[in-house]
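Structure first, commentary second.
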Amino acid sequence: MANLPAMRSGDAAPRHRRRLVIRIAPAALALSPAEEYGLGVLVDLSRLVVLDDTGAPAPSSSSVVTLYTGTLATPVDGTPSVQAVASLAEVIAVADGAVTVPRALLRGVADIAGAAIEQASPARDRYGRTPSAANPLVAAGVEREPVVSTASARLREAVAQAAGSRPVRVLAPWPDGHRWCAALTHDVDVVAAWPAFTALRLVELVSKGQGRLAAGVLAAAAGQTGGDPVWAGVRAVLDAEQRYGVTSTWFMLCGTPTAATFRAGDLTYRPESPAARRIMRAVVARGHELGLHGSFATGDAAGVFGEQRVRLRALSAADAVGVRQHYLRMRPGVTQRWMAGAGFSYDATYGFPDRNAFRLGVVDVVPAWDAAGQRTLPLDEVPLVWMDRAQSKYQGIEDPGQWIADAMALADVCRRAEGLWVGLWHPNLTAALGFPGAPAAFERLVAALAAEHPYMAPLQRITEWRSLRRAVRATAVSADGNVTLAGPSPRAFEVIVEDADGRPRERLAATGPT
């Protein structure tokens, strides 16, 4: 932990010189591990500055708001986790200098943001995935509402109410003064044998009665005889992002394909092939991030993640720290344990294949929760909010303009919550592979996102920022109300402390090496 300098007040009025942080009081009854996880997530997403004063003299009560947890140790009978998060967040008790959070709310956060309910579900779809219906938000019909992030905002409001006229300090949501964050990601599912994928897409279109669209695809494919529409699609994505100054994350398959994996839509190319290497070189040369696109085998047996990660490192000369499962196929909890065991620092799999929404109820990064082991994993979850094929494949929507409208509708939710939007665009969405109009739509998406001024970076950079912000703590509050902070070295980041209205008040830099 690198010491950060004491904060200096930017408030003019003497009665506002004290800056409040929150202290988490020991629970009257010991919290369960799931409740501890829920409390940690709720406080982290609230961006409130937490006082870690172990062994230090107690600060003046006028300098802190104390957070208590309810004394009810047993679950509320018949209360689903979604209701616990959505409704109990509204009954956070507020008193002068104190707030009390219901324990049912903490368990609900673990159920939703920690995916504990999904981890307990034995249901599987035809691809071996936990079906969307097993998600508690889908079951309640509120999957497009970030209920956990909303609850964390309610906690922040409650602390401000408990503080009265005394100013509250919170951490800035994102670097460089940005109020929200947007990340573009790309799964490289196709590299070679593109006519086979065009044929499969034509079958899909004909089965939907999209004869006119299928005819356009045939004409585009005929014009690509001897060409490489996959490479053209990759270059179009890279060029569009470069025009708007965007860097993104690209997930590559790194297993050995067989006839069986090809038929299953799993592994379709060798990462050592010239075409795959060309894509990786181009991605790295433009400053983007490479991550692993875990094949079906990684979700079926421990150890395969490590093998594929080593293979990607050898090909790209970069150590992939992120992973997303192909087809979003995983066993919630089990797969994340194997990811953490292979040394990945983040997972970008938690999204719905058949709809665009907030699978974990958050618009942010949260630690992975292992419900079976009742522990937090050393792995960040970066939930996927929007995906192009969720609408065209599963909902029958073939108009790329509608895809972009849906992407921006969800981005607006994330922007208003000062959170994180993560989108997935497949670079093989070109006319010759069955998606006329898609490349132009992607350019419109990039332009529309950039126009809203989010912080845009690869997922590795975003998770590094969130790890830093999560670790910042107040270590002391002086008699005159000055606060001393400590945290890990922020590298190239600057930690900004704000007032409750989002106005910057203090800028903090690490004293240790960057």
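Throughout, read-outs are computed from the coordinates displayed, never taken from laboratory work. Just so you know, these numbers come straight off a predicted model, no measurement behind them. All Cβ positions, glycine included, derive from the backbone under ideal geometry; neighbour counts span all protein chains shown.
Could you give the distance between the Cα centres of region 313-330 and region 104-126, to the whole Å?
Between the Cα centres of region 313-330 and region 104-126 lies a distance of 25 Å.
What is the angle, in °, between the Cα long axis of helix 459-471 and the longest principal axis of the Cα atoms in the chain? Nearest 10 is fine, range 0 to 90.
Approximately 10 degrees, to the nearest ten.
By count of other Cβ within 10 Å, fewest leading, how are 473, 278 ordered?
278, 473
For every other residue with a beta carbon closer than 15 angstrom to the beta carbon of residue 247, add +1 if it is Lys or Arg and -1 if Asp or Glu, then tell me the sum.
-2
Among 384-393, 327-336, 446-455, how do they line up from the highest to the lowest mean number of other beta-carbon atoms within 10 Å?
Put in order of decreasing packing, that is 384-393, 327-336, 446-455.
Quick one: net charge of residue 470's neighbours, Cβ under 12 Å, K/R +1, D/E -1?
Charge balance near residue 470 sits at 0.
Between residue 393 and residue 260, take the C-beta separation as r, use R0 = 25 Å, and let me know the FRET efficiency to the nearest 0.05.
After rounding, the FRET efficiency stands at 0.70.
Per DSSP H run of n ≥ 4, the term is -39500 (n - 2.57); total these for the chain, divide by its residue number, and report the mean residue ellipticity at 222 nm rounded to 500 deg cm²/dmol.
After summing the helix terms and dividing by the residues of the chain, the value is -11000 deg cm²/dmol.
Run through the DSSP bridge list for region 177-461 and note the antiparallel percent, rounded to the nearest 5.
Of all bridge pairs located within region 177-461, approximately 15 percent are antiparallel.
Quick check for me: using +1 on Lys/Arg Cβ and -1 on Asp/Glu Cβ, what's the dipole size of the chain about its Cα centre, in debye to the nearest 20? Intermediate results must be reported in sequence, preceding the final value.
On the way: 53 positive and 49 negative charges, 115 e Å.
Roughly 560 debye for the chain.
Could you list 296, 442, 262, 344 so that the one with the fewest beta carbons within 10 Å of its beta carbon is first and the one with the most is last?
Ascending number of Cβ neighbours within 10 Å: 262, 296, 344, 442.
For the chain, what's the relative contact order in percent, using C-alpha pairs closer than 8 Å and at least 6 residues apart?
Relative CO of the chain lands at 24 percent.
First select every other residue whose beta carbon is under 14 angstrom from the beta carbon of residue 205; then total the charges, Lys and Arg +1, Asp and Glu -1.
+2
Amide H to amide H, which residues 5 or more places from residue 70 or on other chains are under 5 Å from it, using H placed in the peptide plane?
101, 103
Specify the angular offset, from 0 to 90 degrees and rounded to the nearest 10, of the alpha carbon long axis of helix 304-316 from the longest principal axis of the alpha carbons in the chain.
80 degrees
Could you give the length gained by full extension between residue 95 and residue 235, i.e. 0.36 nm per residue of separation minus their alpha carbon distance, to one decimal place?
Working: separation 140, 0.36 × 140 = 50.40 nm, distance 5.76 nm.
Separation in residues times 0.36 nm, less the Cα-Cα distance, equals 44.6 nm.
Using amide H atoms built in the peptide plane, which far-off residues or other-chain residues are under 5 Å from residue 435 H to H?
Under 5 Å from the amide H of residue 435: 430.
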